[in-house]
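Worksheet for the structure shown next.
The values are calculated or read from the model by the stated rules, or taken from the named source; none is laboratory data. Keep in mind it's a predicted model, so treat the numbers as computed, not measured. Neighbour counts are summed over all protein chains in view; Cβ atoms, including those assigned to glycine, are modelled from backbone coordinates with ideal geometry.
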Amino acid sequence: MILPRICKKSPSGEMIYYTWFQAMHTRIDVAIVSCEAEAFLNEASQRIYHRILDIEHTANCFDENSEISIVNRQAHLGPMTLSDELYHILSLCMKYNKLTFGLFDITTDSEGFTRETITHVALTDERKIKFDIPGIRLNLSGFLKGYALESIRSLLKECNIENALINMGNSSIMALGRPHSTQKWAISHHMQNTEPIQLENECLTTSGNDTDTRLHIVNPRTGKTIEGRKCTSLVTKSGIEGEVLSTALFIASDEDEEAILQRFHVDRIFHLG
């Protein structure tokens, strides 16, 4: 697929390169400021696009042919060997479940879900997984965008691209470097009427309810969706931690939030509703 793009020179002589595509059930926008030629930036954007497709093929539970979907259908029958990437992803998710006191939980879509469901997901050092009970369904939607941002960061580093903005559906944003030497990336926060948020080598991540009727984030302690709160946004250095924490802190009580924030570094946090 040839991605649409706009490319022009800035007054300072740098290339301003912009492309976009659909993936992970959202629009992904990529803006790059670089001295590299357009052909080089075309190749970099293609690498980003195909990397996102690879992640989807591995970990999108809404694709019945993805590796995670096969795991969801078969892991209760016996141990299954995972790809290196899915094993890495699931290991991170299990780690963050513990670090957030269970508030980040990838098993909330399971049949008969309780806060103990995740304890029936067994990962071994041999890259194997087994569900101890039937009905478990792993949903990585609250993790994958952050993981994708960090994967894109690695690709851009390989290409020696230092200044870029990646926007995944306005809810997961990574800003690298600066668009100009004198200013940071200015991001309008779509869930709040505030001044633009200034970012440099940071991520802005948002989790919450788009409307009063679209309630989709489940509190693992109660098994019920969160009501009465619109969104939680935070600025972090890591896209993965931003994705995990925006979900966990959207659910968290004031006491939980204080305990979680003692374990992570968060630059800024915003609650709406």
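Being in contact (Cβ under 8 Å) with a residue 40 or more places away in the chain, over 18 Å from Phe143 (Cβ atoms) and out of contact with any helix residue (DSSP H, G or I) (no Cβ under 9 Å at 6 or more places or on another chain) is a description that applies to Tyr49.
Tallying residues that are closer than 29 Å to Ser141 by Cβ and among the small types (Gly, Ala, Ser) within the range 1-29 yields 1.
Looking across the range 24-45, the residues that are under 20 Å from the mean Cα position of the chain (by Cα), surrounded by fewer than 17 Cβ atoms within 10 Å (Cβ to Cβ) and not charged (D, E, K, R) come down to His25, Thr26. Residues of the range 217-254 being charged (D, E, K, R), under 19 Å from Leu204 (Cα atoms) and over 15 Å from the mean Cα position of the chain (by Cα), which ones? Hits for the range 217-254 are Arg229, Lys230.
Might you let me know whether the range 112-130 holds any residue that is touching a Leu at 6+ places or on another chain (Cβ under 9 Å) and aromatic (Phe, Trp, Tyr)? Within the range 112-130 (the criterion being touching a Leu at 6+ places or on another chain (Cβ under 9 Å) and aromatic (Phe, Trp, Tyr)), the answer is no, since none of the residues qualifies. Scanning the range 144-153 for any residue that is small (Gly, Ala, Ser), within 30 Å of Asp29 (Cα to Cα), modelled with pLDDT under 95 and surrounded by 15 or more Cβ atoms within 10 Å (Cβ to Cβ) turns up nothing.
State whether the residues of the range 255-264 include one that is under 15 Å from the mean Cα position of the chain (by Cα), of a type in the set (Asp, Glu), within 24 Å of Ile197 (Cα to Cα) and assigned to a helix (DSSP H, G or I). Checked the range 255-264: no residue is under 15 Å from the mean Cα position of the chain (by Cα), of a type in the set (Asp, Glu), within 24 Å of Ile197 (Cα to Cα) and assigned to a helix (DSSP H, G or I). Condition check for Asn65 on (1) loosely packed, with under 14 Cβ neighbours inside 10 Å; (2) more than 20 Å from Asp109 (Cβ to Cβ): one failure, at (2). Among the residues of the range 91-132, those that are within 25 Å of Asp254 (Cβ to Cβ) and polar (S, T, N, Q) comprise Asn97, Thr100, Thr108, Thr114.
For (1) closer than 30 Å to Gly13 by Cα; (2) at pLDDT 95 or above; (3) crowded, with 20+ Cβ neighbours inside 10 Å, each residue gets a yes or a no:
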residue: Leu123; (1), (2), (3): no, yes, no
residue: Gly142; (1), (2), (3): no, no, yes
residue: Met168; (1), (2), (3): yes, yes, yes
residue: Ser171; (1), (2), (3): no, no, yes
residue: His180; (1), (2), (3): yes, no, no
residue: Ile187; (1), (2), (3): yes, no, no
residue: Asp210; (1), (2), (3): no, no, no
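Scanning the range 59-112 for residues that are in contact with a His (Cβ under 8 Å, 6 or more places away or on another chain) and part of a helix (DSSP H, G or I) yields a single hit, Glu67.
Being more than 18 Å from Ile187 (Cβ to Cβ) and either surrounded by fewer than 20 Cβ atoms within 10 Å (Cβ to Cβ) or touching a Gly at 6+ places or on another chain (Cβ under 9 Å) (or both) holds for only one residue in Val235, Val244, and it is Val244. For the range 113-123, the criterion of being part of a loop (DSSP other than H, G, I, E, B), in contact with a Ser or Thr (Cβ under 8 Å, 6 or more places away or on another chain) and among the polar types (S, T, N, Q) is satisfied by no residue at all.
Conditions tested, residue by residue: (1) farther than 12 Å from Ser34 by Cα; (2) in contact with a strand residue (DSSP E or B) (Cβ under 6 Å, 6 or more places away or on another chain); (3) not β-branched (Val, Ile, Thr).
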residue: Leu156; (1), (2), (3): no, yes, yes
residue: Ile173; (1), (2), (3): yes, yes, no
residue: Thr182; (1), (2), (3): yes, no, no
residue: Ser188; (1), (2), (3): yes, no, yes
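Within the option set Ser83, Ser34, Ser45, being more than 26 Å from Glu241 (Cα to Cα) and at pLDDT 95 or above holds for one residue only, Ser34.
Of all residue pairs spaced 6 or more apart or on separate chains, those with beta-carbon atoms under 6 Å, a first member in the range 151-162 that is over 13 Å from Tyr49 (Cβ atoms) and a second member that is assigned to a loop (DSSP other than H, G, I, E, B) are Glu162/Gly177. Please tell me if Glu56 is surrounded by 16 or more Cβ atoms within 10 Å (Cβ to Cβ), among the acidic types (Asp, Glu) and part of a helix (DSSP H, G or I). So Glu56 fits the description; yes.
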